[in-house]
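Everything on this sheet refers to the single structure shown next.
Read-outs: derived from the displayed coordinates by stated rules, not from any lab. All of these numbers come straight from a predicted model, not from anything done at the bench. We place every Cβ from the backbone using ideal geometry, glycine too, and count neighbours over all the protein chains shown.
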């Protein structure tokens, strides 16, 4: 596997993106109507999985495959937030402008991850 440190802006924005996904996953699961004995392990599993990628991106030890995975996840989250903001943001209990800002940040971070993956190739 090819491995090289990325520039600090890419690493920090990628880590922030993964931390945002961890927080959003935990928040979404926690507010679903289930018993807390089901919610807690599911929410922690999703949040810790995304948190692991955040730590790896901060330590700048992502391989080309992991940069590409980050890019794919950020593009999907960016478009999902964009569509949720256009269609109806009230379902999620989030203000519409927050979804648009989140979509823009995730799409910008996806471009940075694509550049980092391209540099490793």
For a footprinting-style exposure proxy, rank 32, 14, 63 by other Cβ within 10 Å, fewest first.
32, 63, 14
Most exposed to least, judged by fewest other Cβ atoms within 10 Å, 38, 27 sort to 38, 27
By counting other Cβ atoms within 10 Å of each Cβ, how are 79, 24 ranked from fewest to most?
79, 24
May I ask you to list the residues of segment 71-90 whose amide nitrogen lies under 20 Å from a point 7 Å from Cα along the Cα→beta-carbon direction of residue 111?
71-83
In the Gaussian network model of the chain, springs joining C-alpha atoms below 10 Å, which of 110, 15, 23 carries the largest mean-square fluctuation?
23
Degrees separating the helix 96-120 axis from the principal Cα axis of the chain, which is the longest one
20 degrees
Could you work out [θ]222 nm for the chain from helices alone, using -39500 (n - 2.57) per DSSP H run of at least four and dividing by all its residues? Round to the nearest 500 deg cm²/dmol.
-27500 deg cm²/dmol
Hey, of (1) 27, 18, 10; (2) 30, 16, 12; (3) 40, 14, 12, which did the structure itself give for semi-axes √(5λ) of the Cα gyration tensor in Å when calculated?
(1)
Most mobile of 69, 19, 86 per a Gaussian network model of the chain (Cα springs, under 10 Å)?
86
1/(1 + (r/R0)^6) with r = Cβ-Cβ of residue 16 and residue 79, R0 = 25 Å, i.e. FRET efficiency to nearest 0.05, evaluates to 0.85
